[in-house]
Amino acid sequence: MMRGIRGATTVRENDANEIIQETKRMIEEMAVKNEIKPEEIASVLISVTKDLDATFPAKALRLIDGWKYVPVMCMPEIEVPGSLPQCIRVMMTVNTNLNQKDVQHVYLNDAVQLRPDLLKDS
């Protein structure tokens, strides 16, 4: 079954290293919590708010062992007045046996406010 796993995080600054490290932390947590292996991933889409342009957050995936062939693409997030700044959002499409209600979405840093209804206790 194909499922989407959502994730989001924020950074303090428009800094390439911080963007990559926070993206990597989020992606790894998404994979661990949902027991996802790289070969089960169809694709990963990453969006960033317009205030983040120091690097491509997709570079973070290349730092994870075994993720060399995972298709990934970055894009800008749409601008909505009052939306969360310095935010990186992820949609990971995976093959999994998890029921939709059992998927564990990951929201880190200030992004926890985006979808508190989807957060599960660890």
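The values are calculated or read from the model by the stated rules, or taken from the named source; none is laboratory data. Fair warning: this is a prediction, and the values are worked out from it, not measured in the lab. Using ideal geometry, Cβ is built from the backbone for each residue, glycine included, and neighbour counts are taken over all protein chains shown.
Tell me which strands (runs of 3 or more DSSP E) are completely within the range 1-116 and hold 2 or more residues being of a type in the set (A, V, I, L, M) and either crowded, with 20+ Cβ neighbours inside 10 Å or touching a helix residue (DSSP H, G or I) at 6+ places or on another chain (Cβ under 6 Å) (or both), or say none if there are none.
2-10, 41-48, 87-95
Of the residues 29, 79, only one is modelled with pLDDT of 95 or more and among the acidic types (Asp, Glu); which?
29
How about the range 63-122: which of its residues are touching a Ser or Thr at 6+ places or on another chain (Cβ under 9 Å) and on the phi > 0 side of the Ramachandran plot?
Passing the criteria: 86, 109.
What pairs come up if the first residue lies in the range 1-21 and is more than 14 Å from residue 45 (Cβ to Cβ), the second is basic (Lys, Arg) and surrounded by 15 or more Cβ atoms within 10 Å (Cβ to Cβ), and their beta carbons are under 9 Å apart, counting only those six or more places apart or on different chains?
Matching pairs, first to second residue: 9/25; 9/89; 16/59; 19/59; 20/59.
Looking only at the range 44-52, decide whether some residue is touching a strand residue (DSSP E or B) at 6+ places or on another chain (Cβ under 9 Å), in contact (Cβ under 8 Å) with a residue 60 or more places away in the chain and at negative phi.
Among the residues of the range 44-52, not one is touching a strand residue (DSSP E or B) at 6+ places or on another chain (Cβ under 9 Å), in contact (Cβ under 8 Å) with a residue 60 or more places away in the chain and at negative phi, which makes the answer no.
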